[in-house]
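Enquirer: Following this message is one structure expressed as structure tokens.
Taken together, the values in this text are just the output of simple stated rules run on the coordinates, not laboratory data. None of the values given here were measured: they were computed from a predicted structure. Note that each Cβ is placed from the backbone with ideal geometry, even for glycine, and that neighbours are counted across all protein chains shown.
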Amino acid sequence: MEDSTSAGVTKSYHGAAIVASYYGHYKTIDLLINKGADVNVQGGYYGTALQAASSKGHKDIAELLINTGANVNVRGGHYGTALQIASLNGHKDIAELLINKGADVNAQGGYYGTALQAASSEGHKDIAELLISKGANVNVHGGHYGTALQAASSNSHKDIAELLINKGADVTVQGGVYGTAIQAARLFNHNDIVELLLGNGTTAETPSQTSVLKQIFG
């Protein structure tokens, strides 16, 4: 019997190809493709079959989908792109595959805005380094956190914050849910990151900014 979580995931999908890709059913997706399934069909939480496979780390299915016509840069679903969800979930092998097949490392959209912001929010330094080495812009604005530096700062990933700063991240840029990187770090008492940011050109937030954050987050 399918558990409630699996049932909920299945219900949120549109298209058997997306469902099969999410669950890692290689033979099923291969059969569906041979029967004419559209590998670029869009719908549901993950947007496409390639996003679904990338989210769960099913590299064999991701390769199959790409080899049979899946567009690595299709945007849609909660996470925007396959590269963003692979980066969020720490699947470096899939991120490398997608990039090698032409995925845009600066594509914007989805909850985290960019793949770099997604990787930074979850502390995947190896993927952040990969993305930057392939041309990811450390100062792209957008998504929940506004910037990759704010994502790293709010989640206490000092190593990634250092990486981003060393690669030219603007420590004073404003945007996103917390306003600035230092506001995010202060809000969650990440004092080591506060010191890092202060040592690299940012200034402490004003009292008015602090009070607004406290009103929002308690």
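Enquirer: Have a look at Gly168, Ala136, Gly44 and report the one farthest towards the positive end of the charge dipole of the chain, computed about the Cα centre with Cβ charges (Lys/Arg +1, Asp/Glu -1).
Expert: The Cα lying farthest towards the positive end belongs to Gly44.
Enquirer: Going by how many other Cβ atoms sit within 10 Å of their own, how do Val39, Val194 line up, fewest first?
Expert: Val194, Val39
Enquirer: Mind computing the radius of gyration and Dmax over the alpha-carbon atoms of the stretch 1-104? Å is fine for both.
Expert: Over the stretch 1-104's Cα set, Rg and Dmax evaluate to 12.3, 40 Å.
Enquirer: Sort 185-191, 57-63, 140-146 by packing, meaning the average of other beta carbons within 10 Å per residue, with the highest value first.
Expert: With the highest mean Cβ count within 10 Å placed first, the list reads 140-146, 57-63, 185-191.
Enquirer: If I build a Gaussian network model for the chain, linking alpha-carbon pairs within less than 10 angstrom, which residue out of Ala107, Ala118, Ala82 has the largest mean-square fluctuation?
Expert: The residue with the greatest mean-square fluctuation here is Ala107.
Enquirer: Something else: Starting from the exponent 0.38 and prefactor 2.2 Å, build the expected Rg for the stretch 67-114 from its residue count and divide its actual Cα Rg by it.
Expert: 1.03
Enquirer: Arrange Val72, Val173 by Cβ neighbour counts within 10 Å, fewest through most, would you?
Expert: Starting with the residue having the fewest Cβ neighbours, the order is Val173, Val72.
Enquirer: Taking the beta-carbon count within 10 Å as an exposure proxy, list Ile66, Ile18 from fewest neighbours to most.
Expert: Result, fewest neighbours first: Ile66, Ile18.
Enquirer: In whole Hz, what ³J(HN,Hα) sequence does the stretch 129-139 give by Karplus (6.51, -1.76, 1.60; θ = phi - 60°), x for Gly and Pro?
Expert: Karplus-based 3J(HN,Hα) across the stretch 129-139 equals 4, 4, 4, 5, 5, 9, x, 5, 7, 6, 10 Hz.
Enquirer: Sticking with the crude label model, points 7 Å out along Cα→Cβ, report the distance from Glu96 to Lys158 in nm, one decimal please.
Expert: About 3.0 nm, to one decimal.
Enquirer: Which one, Gly15, Tyr26, Ala181, is farthest towards the positive end of the dipole of the chain when Lys and Arg carry +1 and Asp and Glu -1 on their Cβ?
Expert: Gly15
Enquirer: In addition: Where the only charges are on Cβ atoms (+1 Lys, Arg; -1 Asp, Glu), what is the dipole of the stretch 46-177 about its Cα centre, to the nearest 20 debye?
Expert: 160 debye
Enquirer: Next question. Under a 5 Å amide H to amide H cut-off, with H placed in plane at 1.01 Å, what residues pair with Gly142 once short-range neighbours are removed?
Expert: Answer set, sorted by chain and number: Thr147.
Enquirer: May I pose another question? Label the chain by shape, choosing from rounded, prolate and oblate, from the square roots a ≥ b ≥ c of the eigenvalues of the Cα gyration tensor; if a/c is under 1.5 it is rounded, and otherwise prolate applies when a/b is larger than b/c, oblate when it is not.
Expert: Prolate, because a/c is 1.5 or more and a/b exceeds b/c.
Enquirer: Right, another one. Residue by residue through the stretch 87-94, which ³J(HN,Hα) values in whole Hz follow from phi under the Karplus form 6.51 cos²θ - 1.76 cosθ + 1.60 (θ = phi - 60°), with glycine and proline marked x?
Expert: Result, rounded to whole Hz: 5, 4, 8, x, 8, 5, 4, 6.
Enquirer: Based on Cβ point charges of +1 for Lys and Arg and -1 for Asp and Glu, what charge dipole magnitude is obtained for the stretch 1-104 about its Cα centre, in debye rounded to the nearest 20?
Expert: For this selection, approximately 100 debye.
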